[in-house]
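> This is the structure I want to talk about, given as structure tokens.
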Amino acid sequence: MIATIVYDNRFNANEWFGIIGLCMGLFFMIKLPSRFPRKIAILFFLCGLTFGTLADHYIGTTPKSLYDTGNTSDFDLTDVPSLLMYGPFSYLFFYIYDFIKIKTNFIPIYILFWSLASSLFEWLGGIAGLFHYNNGYWIGISFMIYLLVHSIWIIFYHIIYQHEKTLKV
């Protein structure tokens with residue numbers, strides 16, 4: 001059995017970072033004009049939630065935990081807001097992509113922008129004590145993961161909308 005690493009035992013900046021990030025994301029989701037049918041909006045929200053949760057638990061668990069989230073190396077209730085904030089983040093990714101109607105040759109720039117923004121957000125989370133890197137992991141690896149994930153999201157977006165067009169014919 002692997003011993004739990006305790007980074008902090010107080011409710012402080014890392015919990016507030018997750019709560020504020022989640023609230024800000026939900027605020028924008030609610031305040032922005034509706035852009036997608038409800039089922040697709042939920043799908044785009046769940047896309048971020050699923051990818052974020054899978055990454056946090058796959059990369060951040062044994063046998064070689066590359067990073068920890070929150071106060072300890074174990075998952076606890078205070079980690080929930082930080083996981084949930086991935087949902088509004090992905091929704092905004094899809095919302096802006098759909099809103100500005102990115103041309104094919106500018107998609108790599110869009111992916112690069114969001115990967116840099118994601119890395120910046122993660123870096124701020126690290127300053128707040130939300131992320132703790134282990135075993136040689138560093139934010140550059142996260143940046144590469146973001147490039148991959150955001151590329152998959154663009155493909156997913158086009159699959160969803162191709163499917164929607166097919167159903168409406």
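The values are calculated or read from the model by the stated rules, or taken from the named source; none is laboratory data. Computed from a predicted structure; not experimentally measured. Here the Cβ is made from the backbone with ideal geometry for all residues, glycine too, and neighbour counts use every protein chain on show. Ligands, DNA and RNA are stripped out before the accessible areas are found, and what is left, the full protein with its side chains, is counted by its heavy atoms. Shrake-Rupley method; radii C 1.70, N 1.55, O 1.52, S 1.80 Å.
> Within the bounds of region 103-110, is there any residue that is touching a helix residue (DSSP H, G or I) at 6+ places or on another chain (Cβ under 6 Å) and outside any helix (DSSP H, G or I)?
Looking for residues that are touching a helix residue (DSSP H, G or I) at 6+ places or on another chain (Cβ under 6 Å) and outside any helix (DSSP H, G or I), one finds none in region 103-110, hence no.
> Would you call I111 at pLDDT 80 or above and either among the β-branched types (V, I, T) or closer than 30 Å to H163 by Cα (or both)?
The answer is yes for I111.
> Would you confirm, using the coordinates I've provided, whether T62 is in contact with an Asp or Glu (Cβ under 7 Å, 6 or more places away or on another chain) and either modelled with pLDDT under 95 or part of a helix (DSSP H, G or I) (or both)?
Values: in contact with an Asp or Glu (Cβ under 7 Å, 6 or more places away or on another chain): no; either modelled with pLDDT under 95 or part of a helix (DSSP H, G or I) (or both): yes.
For T62, the condition - in contact with an Asp or Glu (Cβ under 7 Å, 6 or more places away or on another chain) and either modelled with pLDDT under 95 or part of a helix (DSSP H, G or I) (or both) - is not met.
> Tell me which of these L116 doesn't satisfy, since it passes every other one: (1) open to solvent by less than 80 Å² (accessible area, probe 1.4 Å); (2) in contact (Cβ under 8 Å) with a residue 12 or more places away in the chain; (3) part of a helix (DSSP H, G or I).
Failed condition: (1).
> Also, quick follow-up: Inside region 121-142, can you point out the residues that are modelled with pLDDT of 90 or more and open to solvent by less than 40 Å² (accessible area, probe 1.4 Å)?
E122, G125, G126, A128, Y137, G140, S142
> Right, next: Counting only residues that are part of a loop (DSSP other than H, G, I, E, B) and open to solvent by less than 40 Å² (accessible area, probe 1.4 Å), which one in region 65-76 is nearest to F99 (Cα to Cα)?
Of everything passing the filter in region 65-76, G70 is nearest to F99 (Cα to Cα).
> What number goes with the only condition from (1) charged (D, E, K, R); (2) crowded, with 19+ Cβ neighbours inside 10 Å; (3) under 22 Å from M144 (Cα atoms) that D79 does not pass?
The number of the failed condition is (3).
> Any residue in region 87-99 that is more than 19 Å from the chain's Cα centre (by Cα) and assigned to a loop (DSSP other than H, G, I, E, B)?
No, region 87-99 has no match at all.
> Follow-up question, since we're still on this one. Residue by residue through region 1-29, note down the ones that are open to solvent by less than 70 Å² (accessible area, probe 1.4 Å) and either more than 17 Å from Y95 (Cβ to Cβ) or out of contact with any Pro (no Cβ under 6 Å at 6 or more places or on another chain) (or both).
T4, D8, N12, A13, N14, E15, F17, G18, I19, G21
> Anything in region 36-59 that is closer than 14 Å to F156 by Cβ and either among the charged types (D, E, K, R) or not in a helix (DSSP H, G or I) (or both)? List them, or say none.
The answer is F36, and nothing else.
> Just the residues that are surrounded by 18 or more Cβ atoms within 10 Å (Cβ to Cβ) and of a type in the set (A, V, I, L, M, F, W, C), please, taken from region 148-166.
Residues satisfying the conditions are V149, W153, I154.
> A further question on this structure: Could you run through region 80-103 and say how many residues are over 17 Å from L46 (Cα atoms) and modelled with pLDDT under 95?
3
> Another one. Can you name the residue in region 30-61 that is of a type in the set (S, T, Y) and under 24 Å from A128 (Cα atoms) and is also most open to solvent (accessible area, probe 1.4 Å) among such residues?
Filtering first and then ranking leaves Y58.
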